[in-house]
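Data block below; observations after.
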Amino acid sequence: MKFKDRINIDLLIYVAIIVVSVIVLVFLDMNKFEYNYAISIIEKSLVYAVVALSMNIVTGFTGLFSLGQAGFMALGAYTTAILTIPANVRPNVYYMNGILPALENAVVPIPVALILGGIVAAVFASLIGIPVLRLKSDYLAIATLGFSEIIRAVIASPMMDKITNGSYGLKSIPGFKSSLECFVYSLILIIIMILIINSSTGRDFKAIREDEIAARSVGINIFKTKELSFVVSSFFTGIGGGLLAMFMRSIDSKTFSITLTYDILLIVVLGGIGSITGSIVGAFFVTAGKEILRFFDEPFAIGGVEIPLFRPGFRMVIFSILLMVVVLFFRKGLLGGRELSFNDFIIRKKNEKLKNVGKGGKA
Amino acid sequence: MNGMQFLQHALTGISVGGCYALIAIGYTLVYGILRLINFAHGDIFMIAGYFMIFSFAVLPFPIAIIVTLVLTTLLGIGIEKVAYSPLRNAPRMSVMISAIGVSYLLQNLATYLFTAIPQPYPEIPGLKLRIEIGNISTSFVTLITPIITILIVVGLLYLVNKTKMGMAMRAVSRDYEAASLMGIKLNQTISFTFAIGSLLAAVGSILYFTDRSTVFPYSGSLPGLKCFVAAVFGGIGSIPGALLGGFFIGICETIIKAIGLSTFSDAFTFIVLIVMLLIKPTGLFGEKNIDKV
């Protein structure tokens, strides 16, 4: 009975949010020129939500602290870009070194390119995972970070010039035709990830996070499950990277430096490690916050007196301090492993009422 | 590459390696005690560069150097007190995220305060002197770096092995609960460890940036990671190991750059890390049978 209630109310709210979002996005798309800025913030938030949630699968739900996100995003982004840049502009993009003849006309539809990007990232992850996943916590973090840097170095290397255009990067990547398109892609990915997290496989992930030995004793194959989590996460990270490439329209190897991983980690930590809604809300909160706080970077005067604090870089300082405050005082992030759920809220209220009644009866 | 060129590059490599070794010792000491990769260590090194720039601008150089060393040491102790000590009983992931947070904060703070434009590093009189030995031309700082590094390491080994504070450090790194039961002041020992680590980072920073001539907010992040790799290579927790690791990474990196593969010089460091973790996770001189990896 309770279970049914939960599904009904929360599902209703989610559907309502989606419907409202679609209406708002259609409205924004119709007035594209007026709301250009808002659209770009929304698209960026959606892409980051996908990537943050995929990082949360491995970090939050399986308890493996992986810092390789930027590398897998790079793989997905480059695959998507190479396969979607229109064939007629390719000579312009690869003007320095030419393009590999096999790739000259290799153009596939965008969804196919995105999925291929995810697959490339997943294949690499499965190879990297075999040695790396034997390592524990901080060694795993630094090893994945190392792989991410290696991927970046290989992409930028002169040997890859004819494929990745080396250090010149790729441009003229077809972007989103409308913000609705970006929304649909992100929504599908997020729903699939939520289904995975709530499936029996997802429960295996959580079992490993809580207690590896206990998980093994109930028959979970630790290594296989870790590998699966890592590969699944990287698959979605790769697609997220492809979406990022479409959002940015031009990429180079510097886009995917360690800073990008830290930005995503910031979202995951602020939203709550191991919270689905936390990652999504966190992505919007951080991305929109960074834009809204832009006025901190501009000179600001109260009553003609210029406040010296306000100059470029101030908002990033604020974000760093915010991160530190969350880490130190709200160790589990804003949502702390819980989900934003209207139904839980009602149940909690009900329980409180029952408790009070019980107390009253005793007295 | 002929013999002379090789010697020239090897000399540069040893010099860079000396700086790496000094930073790697900071990682090794902190990891030995807290089991924490101090992601902020590279940024402490970068901030030390800025301390030098600003103290040099107003003070004569011997005092500026002392001021830099003192300020950096205080910064290291302060970071430990604010960001790591409240999390002493938290899961390791939280502490690590806190360390990344500090690193993020220091980088952003440096960008905010000093802008992202590389700042010229002051020339300490005498250090930039060109010296010609046969066909090899080098600067005084390149020659003096490995010597300073080795002297510091000898001093540090004495401190760790022969003094009371060193004994406390070793005890805490072996088992901090038992150590505190034996009357060792845990917080004091940890602060002391951070102080030494930061002090060495400051020395390394003076030698490193004198050679590079500029400082920018991200100039600490990659050297920081490389030095961590150096520490892992030599065996985390081992000071001679960190020294050896620093020299190894420094020399290899310089030679890779010299043979025209500079895009791979950073990646090489991480390949070393991964190979090392797979073959011998305890590093060259690491202690065995500790469940770390």
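General remarks:
- Criterion violated by B:Asn89 - all others in (1) touching a helix residue (DSSP H, G or I) at 6+ places or on another chain (Cβ under 9 Å); (2) under 25 Å from B:Phe192 (Cβ atoms) satisfied: (1)
- Count of residues meeting criterion [among the charged types (D, E, K, R), more than 7 Å from chain B (Cβ to nearest Cβ) and either within 21 Å of the chain's Cα centre (by Cα) or at positive phi (or both)] in region A:130-153: 1
- Exactly one residue out of B:Pro217, B:Pro223 is within 14 Å of chain A (Cβ to nearest Cβ) and not in a helix (DSSP H, G or I), and it is B:Pro217.
- Test: residue in region B:36-52 that is closer than 29 Å to B:Leu157 by Cα, under 19 Å from the mean Cα position of the chain (by Cα), β-branched (Val, Ile, Thr) and not in a helix (DSSP H, G or I): yes
- Meets criteria (surrounded by 17 or more Cβ atoms within 10 Å (Cβ to Cβ) and under 19 Å from the mean Cα position of the chain (by Cα)) for B:Leu207: yes
- The residue that is nearest to A:Ile213 (Cα to Cα), counting only those in region A:24-65 that are in contact (Cβ under 8 Å) with a residue 40 or more places away in the chain and of a type in the set (Asp, Glu), is A:Glu43.
- Residues located in region B:128-176, provided they are over 18 Å from B:Cys19 (Cβ atoms), touching a residue at least 40 places away in the same chain (Cβ under 8 Å) and part of a helix (DSSP H, G or I): B:Leu157, B:Val160, B:Met169, B:Val172, B:Ser173, B:Tyr176
- Across region B:274-286, the number of residues qualifying as in a helix (DSSP H, G or I), surrounded by fewer than 20 Cβ atoms within 10 Å (Cβ to Cβ) and either of a type in the set (Val, Ile, Thr) or out of contact with any helix residue (DSSP H, G or I) (no Cβ under 6 Å at 6 or more places or on another chain) (or both) comes to 2.
- A single entry from A:Thr255, A:Thr287 fulfils the requirement of being touching a Lys or Arg at 6+ places or on another chain (Cβ under 7 Å), surrounded by 15 or more Cβ atoms within 10 Å (Cβ to Cβ) and at pLDDT 85 or above: A:Thr287.
- Pairs, first in contact (Cβ under 8 Å) with a residue 40 or more places away in the chain and over 17 Å from B:Pro86 (Cβ atoms) in region B:187-201, second crowded, with 20+ Cβ neighbours inside 10 Å and among the hydroxyl-bearing types (Ser, Thr, Tyr), C-beta under 8 Å, six or more apart: B:Ala195/B:Thr73; B:Gly197/B:Tyr27; B:Ser198/B:Thr72; B:Ser198/B:Thr73; B:Leu199/B:Thr72; B:Leu199/B:Thr73; B:Ala201/B:Thr72
- Number of the exception - B:Ile271 against (1) surrounded by 24 or more Cβ atoms within 10 Å (Cβ to Cβ); (2) farther than 30 Å from B:Val67 by Cα: (1)
- Of all the residues in region B:84-127, those that are touching a residue at least 24 places away in the same chain (Cβ under 8 Å), surrounded by fewer than 20 Cβ atoms within 10 Å (Cβ to Cβ) and facing chain A (nearest Cβ under 7 Å) number 2.
The values are calculated or read from the model by the stated rules, or taken from the named source; none is laboratory data. All of these numbers come straight from a predicted model, not from anything done at the bench. Note that we place each Cβ from the backbone using ideal geometry, even for glycine, and neighbour counts take in every protein chain shown.
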